[in-house]
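*Asks:* This is the structure I want to talk about, given as structure tokens.
The values are calculated or read from the model by the stated rules, or taken from the named source; none is laboratory data. What you are looking at is a predicted structure, and each value in this text was computed from that prediction instead of being measured. FYI the Cβ positions are ideal-geometry reconstructions off the backbone, even for glycines, and counts take in every protein chain you see. Accessible surface is based on the protein model in full, side chains and every heavy atom, while ligands, DNA and RNA are left aside. Shrake-Rupley method; radii C 1.70, N 1.55, O 1.52, S 1.80 Å.
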Amino acid sequence: MLAELATAAGYRVVALDRFGDLDLEQICESRSLRDIGGAGGMAALVAAAEGLAAEAVVYGAGLENRPDLVVRLARRRTLLGNDADVLRRVREPAILGPALRSAGLDYPRTLHAADVSFRPTHSRAWLRKPLRGGGGRGVGEWRGGALTPHEVVQERVRGLSCSIAAVGNGRSAVVLGITEQLIGERAFGGRRYAWCGNVTPPRLAADERRALARWADSICALIVEKLGLRGLFGVDLVWDGRRAWIVEVNPRPTGSLEVIALVGGPAPFDAHVRACAGHLPPGPPRAATAGPRAAGKAIVYARADIVVGDTRSWGAQGMRDIPHPGERIAAGQPMCTLIGVAETAEAVLAELHERVERLRAELGDGVARGASA
């Protein structure tokens, strides 16, 4: 996604990516773990990046949890994004929570495993989450069982899961868009708390969408003022009908950007580069007067172990993150991403559900015997 947004804005880039998907190779010069030996994860990708000649570097999902690797990436280059000190503050609940509450924002009670000295009651629901996680991986209900030192528990807030995409210059912020998060969508194959995509606008009544937009402006301005974020960032929240409860701040470009870009507003990657130099877009973007009014993306997870066939036509069908022909995908792993546009969020989701089912039929990806949804 980042490579596509960057090249569309006229930037020349080299992309380093864990999977090296087919469509990435068609967008720009790239390297993946399959090119550099397949082991070592993000550290191996950073080592490969250190050997490339480039003026600047932008990092995406996962590296916000590794400030040590961000330090390495930024050596002898301009870092277009948040530095390691900002990451340590934003990703630490014991720092983030007090900062948000001191600004008058709502943040659920969140405790490190070592600080949990109670058992949950029926009156309050709790989630266990990795301290350094993402995409809903490792998230589950906590009913009083043992926790690892690398987990936190967070009081669960009931409501609609949403995400704000914004850009900051270290002092102030501009909201680029708000999406509804698709969490645990059974049709897309995601487990209960897995991130399965986004749709914009959120499926709320018009007055609630306006109220949420006001909250989003205040939230992002205060977060940047308190924590000094630069460039693109995201805020995951739960809208309870009256207030926005912040559950996580993602101090890097977020997965909702390609959805937001489809319905108007400034080019996200260009806004990122300019904001890192201190310049924000001139004001809150207006909704597009032409083109689609709603857009969405679906992360499609395999229900069974599969081997895909010829995937070279998938890009023309509105797919992203495309596996290579003959690639093996294990059950529970993402197969691809589907992108859709329509007049309403409901119509987008109906289209995406239909396309997912057609894709599963084509691939023979039914429900695996004995597998949980």
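*Asks:* In square nanometres and to one decimal, what's the mean projected area of the convex hull around the Cα atoms of region 75-216?
*Replies:* The number I arrive at for region 75-216 is 11.5 nm².
*Asks:* What are the residues whose amide H is under 5 Å from the amide H of residue 17, where those residues sit 5 or more places off or on another chain and H is modelled from the backbone?
*Replies:* So residue 17 has HN proximity to 31, 32, 33.
*Asks:* Rounded to the nearest percent, how much of the accessible area of region 189-248 (1.4 Å probe, protein heavy atoms only) is carbon and sulfur?
*Replies:* The nonpolar share, carbon plus sulfur, comes to 47 percent.
*Asks:* Treating only the Cα positions of the chain as identical point scatterers, give the base-10 log of I(q)/I(0) from the Debye formula at each q in 0.11, 0.13, 0.14 Å⁻¹.
*Replies:* Debye intensities relative to I(0), on a log10 scale: -0.79, -1.15, -1.36.
*Asks:* What does the charge add up to near residue 142, with Lys and Arg as +1, Asp and Glu as -1, over the other residues with Cβ less than 11 Å from its Cβ?
*Replies:* Around residue 142, the charge tally is +3.
*Asks:* Considering every Cα-Cα pair within region 1-152, what fraction, in whole percent, is farther apart than 26 Å?
*Replies:* Of the Cα pairs, 41 percent sit more than 26 Å apart.
*Asks:* Note down the magnitude of the dipole of the chain about its Cα centre, charges +1 on Lys and Arg C-beta and -1 on Asp and Glu C-beta and zero elsewhere, to the nearest 20 debye.
*Replies:* 1040 debye
*Asks:* Just the number please: accessible area per residue for the chain, 1.4 Å probe, all protein chains included, in Å².
*Replies:* Accessible surface, normalised per residue, equals 47 Å².
*Asks:* Compute, for residue 68, the solvent-accessible surface of its heavy atoms (probe 1.4 Å) with the complete set of protein chains present, and express it in square angstrom to the nearest 10.
*Replies:* 70 Å²
*Asks:* Given a 1.4 Å probe and heavy atoms of the protein chains only, how would you sort 106, 207, largest accessible area at the top?
*Replies:* Listed by decreasing accessible area, they come as 207, 106.
*Asks:* If I model a spin label as a point 7 Å beyond the Cα along the Cα-Cβ vector, how far apart are those points for residue 358 and residue 125 in nm?
*Replies:* Output for this residue pair reads 3.5 nm.
*Asks:* While we're here: Ordering 129, 297 by accessible area with a probe of 1.4 Å, largest first, what comes out?
*Replies:* 129, 297
*Asks:* Per residue of the chain, what 222 nm ellipticity follows from adding -39500 (n - 2.57) for every DSSP H run with n ≥ 4, rounded to the nearest 500?
*Replies:* Per the formula, -8000 deg cm²/dmol.
*Asks:* What figure in square angstrom, to the nearest 10, would you give for the accessible area of residue 78 with a 1.4 Å probe?
*Replies:* Per-residue accessible area (residue 78): approximately 80 Å².
*Asks:* Return the long-range amide H neighbours of residue 156 (sequence gap of 5 or more, or a different chain), with a cut-off of under 5 Å between placed amide H atoms.
*Replies:* Result for residue 156 returns 125, 126, 127.
*Asks:* Quick one: grab Rg to one decimal and Dmax as a whole number for region 152-271, Cα atoms only, in Å.
*Replies:* Answer for region 152-271, Rg first and Dmax second: 13.9, 41 Å.
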